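Everything below concerns the one structure shown next.
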Amino acid sequence: METNGRVAVITGGASGIGLGMARAFAAAGMKLMVADLDEAMLATAVDELSQSGVEVAGQTCDVSKLEQVEALAAATLDRFGAVHVLCNNAGVGLPTPTNNIRLEDWRWMIDVDLWGPIYGVKTFLPIMELQGEGHINATSSLAGLFGGGFMGAYNVAKHGVVALMTTLERDLRGRKSPIRASVLCPGPINTAISRHSVEFRPSKAKPKTDSAAEGRAGANVQAALDKGMDPDEVGRLVLDGIQRDKFWLLTHPYFTKILSRQLEALIADGSLTKG
Ligand SMILES: NC(=O)c1ccc[n+]([C@@H]2O[C@H](COP(=O)([O-])OP(=O)(O)OC[C@H]3O[C@@H](n4cnc5c(N)ncnc54)[C@H](O)[C@@H]3O)[C@@H](O)[C@H]2O)c1
């Protein structure tokens, strides 16, 4: 779709990938509503973006609360009179082995990472359909395509996001809606997601049976992120995907080989991983 002069809402837009999207969208002449849970990071991001001359507003919003997502939509319409692009990007993630994760951490990750995008679709889709133009993107992950170990709750939420967006896109195409959907599945990106997630995590205590292996898994995830792609590059990739009406937005397409191997094993002998 055409992006120049259009209005974009980005959740989790105060840092990392969301801020990368905001910068890329601003450079393409879009107007921005940046939403985030963290007030201080939000104020800094809005300040930076407004200095570049873009029309931008910020709204504190916890995407795991429907009424706050509805308030975000109302504030956007109030300020800009329209919403053309929604990026359901806010997210949290910590290594979470299935045997050792507290129920409140399960709920928190699924509330933010899956219910957040569901509330986004539910709230913003009717507005876009009335307008006759729009694009809804959600940030999933490679963890939404492949269930690796030690990432239980995150994998569940991110698989849900892929399911939400594939179903949405098929439903939209099925009834010839002018609205498009897409899903971003990043590989490792150099952001502070681990640090932010530790700060926001409801059960601050470490799991009782935290093992050395789990500690290593956390360190490995962080090391991969530190060497990951620049989030500004991801922002430009998302902009390009929206402009070209692409559905799958992959930052590291070669990682999809693990999906092929999983499918081959399924077909060959019903095992999870062949060999
Ligand atoms: N960094 C990676 O390697 C990577 C890989 C795959 C997917 N992702 C996904 O990308 C998205 C962005 O993460 P990031 O890596 O840029 O991390 P980040 O921590 O820099 O950005 C996430 C933003 O979401 C905000 N946030 C957290 N909880 C929120 C809530 N309840 N409501 C509203 N905002 C909230 C945070 O304050 C933060 O600004 C997430 O959905 C994450 O799961 C990241």
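The values are calculated or read from the model by the stated rules, or taken from the named source; none is laboratory data. Note that the structure is a prediction, hence the values are computed from the model and not measured. Note that we place each Cβ from the backbone using ideal geometry, even for glycine, and neighbour counts take in every protein chain shown.
In this structure, does Leu237 turn out to be at pLDDT 95 or above, of a type in the set (A, V, I, L, M, F, W, C) and either out of contact with any helix residue (DSSP H, G or I) (no Cβ under 8 Å at 6 or more places or on another chain) or not in a strand (DSSP E or B) (or both)?
Yes, satisfied.
In the set Ala163, Ala157, Ala153, which member is part of a helix (DSSP H, G or I) and away from the ligand (no atom under 15 Å from the Cβ)?
Only one candidate passes the filter, namely Ala163.
I'm trying to understand the selection: among the residues of segment 171-187, which are part of a loop (DSSP other than H, G, I, E, B) and within 15 Å of the ligand (Cβ to nearest atom)?
Hits for segment 171-187 are Pro186, Gly187.
How many of the residues making up segment 180-199 are in contact (Cβ under 8 Å) with a residue 24 or more places away in the chain and surrounded by fewer than 20 Cβ atoms within 10 Å (Cβ to Cβ)?
Here the count works out to 7.
Given the conditions (1) on the phi < 0 side of the Ramachandran plot; (2) touching a helix residue (DSSP H, G or I) at 6+ places or on another chain (Cβ under 7 Å); (3) within 16 Å of the ligand (Cβ to nearest atom), and given that Thr98 satisfies all but one, which numbered condition is not satisfied?
Just one mismatch for Thr98, condition (3).
Kindly indicate the residue of segment 240-260 that is part of a loop (DSSP other than H, G, I, E, B) and of a type outside the set (Phe, Trp, Tyr) and also surrounded by the fewest Cβ atoms within 10 Å (Cβ to Cβ) among those meeting that condition.
Of segment 240-260, the ones part of a loop (DSSP other than H, G, I, E, B) are 244-247, 251-252.
Subsequent filtering for residues that are of a type outside the set (Phe, Trp, Tyr) retains 244-246, 251-252.
Working: Arg244: 9, Asp245: 11, Lys246: 16, Thr251: 21, His252: 14.
Result: Arg244.
Taking the criterion of being within 28 Å of Met41 (Cβ to Cβ), part of a loop (DSSP other than H, G, I, E, B) and modelled with pLDDT under 95, would at least one residue in segment 188-201 satisfy it?
yes
With the structure loaded, tell me whether Gly174 is modelled with pLDDT of 95 or more and within 30 Å of Lys122 (Cβ to Cβ) or whether it fails that test. Even if it seems obvious, please write down each step before you answer.
Working: modelled with pLDDT of 95 or more: yes; within 30 Å of Lys122 (Cβ to Cβ): yes.
Yes.
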